[in-house]
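Note sheet for the following structure.
The values are calculated or read from the model by the stated rules, or taken from the named source; none is laboratory data. Source: prediction; values computed, not measured. Note that each Cβ is placed from the backbone with ideal geometry, even for glycine, and that neighbours are counted across all protein chains shown. These accessible areas exclude ligands, DNA and RNA; they are computed on the full protein's heavy atoms, side chains included. Shrake-Rupley method; radii C 1.70, N 1.55, O 1.52, S 1.80 Å.
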Amino acid sequence: MKEPVRVAITGGAGNISYSLIFRIAAGDMLGPDQPVILQLLEIPPAMDALKGVIMEINDCAFPLVHGISGSDKPEEAFKDADIALLVGSKPRGKGMERSDLLKANGDIFSVQGKALNDNASKDVKVLVVGNPANTNALIAAANAPDLDNKQFTAMMRLDHNRALSQLAQKTDSQVTDIDKMIVWGNHSATQYPDISQATVNGKPALDLVDRDWYENDFIPTVQKRGAAIIEARGASSAASAASAAIDHVRDWVKGSDGIVSMGIPSDGSYGVEEGIMFSYPVICKNGQYEIVQDLEIDEFSRGRMKTTEEELRSEREAVAALL
Ligand code: NAX
């Protein structure tokens with residue numbers, strides 16, 4: 001039997017976690033032979049609800065769960081964590097400006113970045129799901145000076161999966177027929193879901209769909225999918241977000257099957273400002289991710305990438321005091 005992996009999850013009593021934790025416990029993220037110890041973090045008012053979640057996990061008698069704890073102290077929840085899923089964040093309240101939201105979450109993610117730095121495994125892999133995910137990840141990384149900033153990533157996989165599903169439906173194919181899907185930039189409405197590199201069963205995707213559909217239907221549909229889910233369900237994406245988090249970490253740890261999109265610290269590739277948490281096409285191998293280089297970027301794509309980059313730069317400016 002393998003040594004258990006310690007997985008810390010914040011926002012353990014929230015909606016996404018209610019799907020996420022159970023799937024991790026069932027082995028969907030790290031494999032059916034990998035035991036886990038779950039370390040859940042919540043804020044004091046949600047500790048009762050967290051207790052209920054823990055009771056339910058215990059009641060599942062998952063063979064892979066070798067331990068489970070709940071805490072309202074980041075230093076306890078992150079102790080020796082090998083993987084940290086930062087899901088909990090402050091939702092946008094009534095009348096709150098985007099800058100207020102950035103600031104409120106900045107306070108959470110600077111504390112958590114420091115707690116990861118001081119308590120987690122030195123090799124911890126961090127995925128930030130809580131919004132604004134890219135800039136929260138930037139703040140957490142900046143507050144963890146002893147960790148490599150490459151250990152911090154932001155979740156773009158839900159956007160990536162949404163893009164795969166839309167293109168598969170349009171071309172009457174399966175998501176597994178699609179290769180080289182990319183979502184660039186920020187997890188926001190400025191993101192750029194790019195099918196200019198993609199193939200469907202080996203054929204260029206742009207030869208299979210018309211340009212008008214791509215620019216005026218596909219791109220806005222993927223960009224605004226989160227709002228459409230809220231409109232339809234009366235609540236934000238939860239099970240699909242959990243599924244994307246599982247895909248992201250599974251691929252990072254165990255390797256990806258081709259290109260996937262991850263929000264990672266920009267190294268300047270494709271002319272993007274260095275340091276911001278920008279979603280790139282990556283390939284994961286041996287527990288590491290590498291940006292896919294040398295893709296030809298046309299003028300349309302370049303413009304879209306600039307727009308989302310500019311938004312991330314202005315978010316970074318808004319939280320400069322926390323970096
Ligand atoms: P919920 O409001 O249901 O749950 C959030 C939980 O986090 C709550 O239980 C809350 O008590 C807890 N929490 C708040 N501050 C905390 C802190 N400092 N430490 C620990 N726990 C804390 O939200 P849920 O639907 O689960 O969504 C969680 C986050 O994911 C939100 O920020 C949401 O916007 C974001 N999303 C990100 C997505 C992405 O693709 N990156 C997609 C889905 C989702 O919208």
Going through (1) more than 10 Å from the ligand (Cβ to nearest atom); (2) touching a Leu at 6+ places or on another chain (Cβ under 6 Å); (3) open to solvent by 20 Å² or more (accessible area, probe 1.4 Å); (4) of a type in the set (A, V, I, L, M, F, W, C) one by one, Val7 fails only at (3)
If you take the residues in the range 100-115 that are touching a helix residue (DSSP H, G or I) at 6+ places or on another chain (Cβ under 7 Å) and over 11 Å from Leu322 (Cβ atoms), which one is farthest from the ligand (Cβ to nearest atom)?
Ala115
Quick one: in the range 18-50, of everything that is of a type in the set (Asp, Glu) and within 14 Å of the ligand (Cβ to nearest atom), which residue is farthest from His66 (Cα to Cα)?
Asp48
Residues located in the range 236-251, provided they are open to solvent by 30 Å² or more (accessible area, probe 1.4 Å) and either in contact with a Pro (Cβ under 6 Å, 6 or more places away or on another chain) or assigned to a loop (DSSP other than H, G, I, E, B) (or both):
Ser236
Exclusive hit being part of a loop (DSSP other than H, G, I, E, B) and surrounded by fewer than 16 Cβ atoms within 10 Å (Cβ to Cβ), set Gly67, Gly95, Gly88, Gly52
Gly95
Those residues of the range 45-58 that are closer than 19 Å to Ser89 by Cα and under 25 Å from the mean Cα position of the chain (by Cα) come to a total of 5
Kindly establish whether Asn105 is more than 14 Å from Phe78 (Cβ to Cβ), within 20 Å of the chain's Cα centre (by Cα) and at pLDDT 95 or above.
no
If only one of Pro63, Pro145 is more than 16 Å from the ligand (Cβ to nearest atom), at pLDDT 95 or above, over 25 Å from Ser314 (Cβ atoms) and not aliphatic (A, V, I, L, M), which one is it?
Pro63
Contact list please: Cβ distance under 6 Å, first residue in the range 271-294 and free of Cβ contacts under 8 Å to residues at least 12 places away in the same chain, second residue open to solvent by less than 60 Å² (accessible area, probe 1.4 Å), pairs at least six apart or on different chains.
Glu274/Ser266; Glu274/Gly268
Name every residue in the range 165-183 that is surrounded by 24 or more Cβ atoms within 10 Å (Cβ to Cβ) and in a helix (DSSP H, G or I), in order of residue number.
Leu167
Meets criteria (surrounded by 24 or more Cβ atoms within 10 Å (Cβ to Cβ) and either more than 16 Å from the ligand (Cβ to nearest atom) or at pLDDT 95 or above (or both)) for Leu138
yes
